[in-house]
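Q: I have a structure I would like to understand better, so I am pasting it below and will then ask my questions one at a time.
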Amino acid sequence: MIKDYIDRIEAICIKLKYSVTNIDVLNWLENFKQEDWDKALTVLSKLEYFTINEIVRAYELGLNDILKISDEIDKRFMISEIVNCLQSRRFISLRKSESSIILHPIEELGKSGTTMIYFVKQTQVYQNNESKIKIFGNLDKLKSVIKDNCHFILVDDFLGTGETVVDYYKNEIRPEITRRKVKNFNLYILTIIYTEKAKELLAEFPEIKIIGSFRKPIFCQTGSVFGYRPRMIEMRHFCYEYGKDLFSKQDYKKKKIISFPLGYGNTQSLVAFAHTTPNNTLPIIWSSKKKWHPIFPRKGFGRLEEAKRLKDDTRRWLSIFKESGLNDLCENGKNLYNSQNLQMLLILRLKKQNKNEFDICQNLGLNMQDYNEILENGKSKNIFTDNGMISEFGNNVYSEIQKKISIIKSRKEDFEFNKNEDMVYVPTKFRGIS
């Protein structure tokens, strides 16, 4: 059964930029009945995965657009001020008319605000304009800088229903604008993806400009990613049936629990980021409820479980290293499974998933000094190049180990790790050497 899907799974892993492995996909498929594997793989093949570089690039383009818009607004505002002053025969202070650009991660809306700002700060646009862009994370301090001719940028990664942002604007920002009688206040939502529901809700607030890429619901009547309507309905039913027990939230106003089998607010999304997965995405992708094994878990318990599994899997790698005659790649000592060896391979695996150093440190609980020390160890073993990239040898090692694990998994052999037992599989050749 498994071998019938190997080529298809490999194609999906390529599309998802190797953020998941063949083994990850196979483990996820085990959530479903075997007769539904075809539908499950169809859903996974439609998922959009954003690497760290793609996230930074999206913010690069968005911030650049905002700066262009702000320049045009500033010019019009200045001309208007000059005309008003000439007509009233009063002086104008150019210094007071200078605009300000404020970035705010909306920390009250979630826990990824600091991460979002980190990504924005990696863009060339921010670095070229750092002197005129101010970042405020604290809401109270933020309110103190609301003034005339201000460009206010709320940073988010995914705009689902748009409800939280609208509430934030109505309850926190707009009252300050009204109280201070602010002129020329411009509000932007800088996001990577926004949905149809968010677009419709924010259309009621024309003063808010959304900057990002638009996505329709995956089960929309026309233009669905699943094609013509009968096929779309079939796939919707499949996702609904498996997802109906995987995600629910308490509605305190209605005093009842509401189920969201197709993502929060029924937004019907299929998006995952390197740092997290929105709850607007189908829960069959990210939920860990009811012993469901997610393929792209969200932050929190699911991510911790994923980190634990990653470490356990990497210990298996070390066992294969031992049987492959690669002991010289590991630190000398009696304990093959020591922290240095494990972390070196963990970094290799995460780099293959297009994680950057910031995300790797978060995943492994390392500081930058620890990370650099482990990287230096990998460089000495020729796993990494001098600039910290994976070397050709490192890629060969990774491919070889993945190949062995795939063979073992496809044969359904027992791959449970035991520190005191040798692995059954002994390769006869590595990198062309017998």
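The values are calculated or read from the model by the stated rules, or taken from the named source; none is laboratory data. Just so you know, these numbers come straight off a predicted model, no measurement behind them. Note: ideal-geometry Cβ built from the backbone for every residue, glycine included; neighbour counts use all protein chains shown. The protein model used for the area step is the full one, side chains on, heavy atoms only, and it has no ligands, DNA or RNA in it. Shrake-Rupley method; radii C 1.70, N 1.55, O 1.52, S 1.80 Å.
Q: Once you have a ≥ b ≥ c as the square roots of the Cα gyration tensor eigenvalues for region 8-56, tell me rounded if a/c is under 1.5, and otherwise prolate or oblate according to whether a/b is larger than b/c.
A: Here region 8-56 falls in the prolate category.
Q: While we're here: So, for region 15-80, what is the accessible surface per residue at a probe of 1.4 Å, expressed in square angstrom?
A: Accessible area per residue, region 15-80: 43 Å².
Q: Using θ = phi - 60° and the Karplus curve 6.51 cos²θ - 1.76 cosθ + 1.60, what whole-Hz ³J(HN,Hα) does each residue of region 40-51 get, with Gly and Pro shown as x?
A: 4, 5, 5, 4, 4, 5, 8, 6, 9, 10, 9, 6
Q: Mind running the shape call on region 149-281? Use the C-alpha gyration tensor, a ≥ b ≥ c as the square roots of the eigenvalues: rounded below 1.5 for a/c, prolate if a/b tops b/c, oblate otherwise.
A: Prolate is the answer for region 149-281, as a/c is 1.5 or above and a/b outweighs b/c.
Q: Is region 110-197 rounded, prolate or oblate when judged by the Cα gyration tensor, a ≥ b ≥ c being the square roots of its eigenvalues, rounded requiring a/c under 1.5 and prolate requiring a/b larger than b/c?
A: Because a/c hits 1.5 or more and a/b fails to exceed b/c, region 110-197 counts as oblate.
Q: Still on this structure, I have one more. Can you list the residues, at least 5 places off or on another chain, whose amide H is less than 5 Å from the amide H of Ser213, using H built in the peptide plane?
A: For Ser213, whose amide H was placed from the backbone, the distant partners under 5 Å are Ile193, Tyr194.
Q: Expected output is a single nm value to one decimal: the length gained when fully extending between Asp38 and Lys75, i.e. 0.36 nm times separation in residues minus the C-alpha distance. What is it?
A: Computed gain between Asp38 and Lys75 is 7.7 nm.
Q: Considering only DSSP beta bridges where both residues belong to region 181-269, give the percentage that are antiparallel (nearest 5).
A: 35
Q: Between their Cα atoms, which of Lys352/Lys379; Lys17/Lys209; Lys291/Lys355; Lys39/Lys351; Lys199/Lys355 are more than 22 Å away from each other?
A: In this structure, Lys17/Lys209; Lys291/Lys355; Lys39/Lys351; Lys199/Lys355 exceed 22 Å between Cα atoms.
Q: Show me 19-27, 63-71, 228-236, 251-259 ranked by packing, highest mean number of other Cβ atoms within 10 Å first.
A: The most tightly packed comes first, giving 19-27, 63-71, 228-236, 251-259.
Q: Whenever you get a sec, compute what percent of the accessible area on region 195-305 sits on carbon and sulfur atoms (1.4 Å probe).
A: Roughly 54 percent, rounded to a whole number.
Q: Sum up the charges of everything whose Cβ sits under 9 Å from the Cβ of Asn279, counting Lys and Arg as +1 and Asp and Glu as -1, but leave Asn279 out.
A: +2
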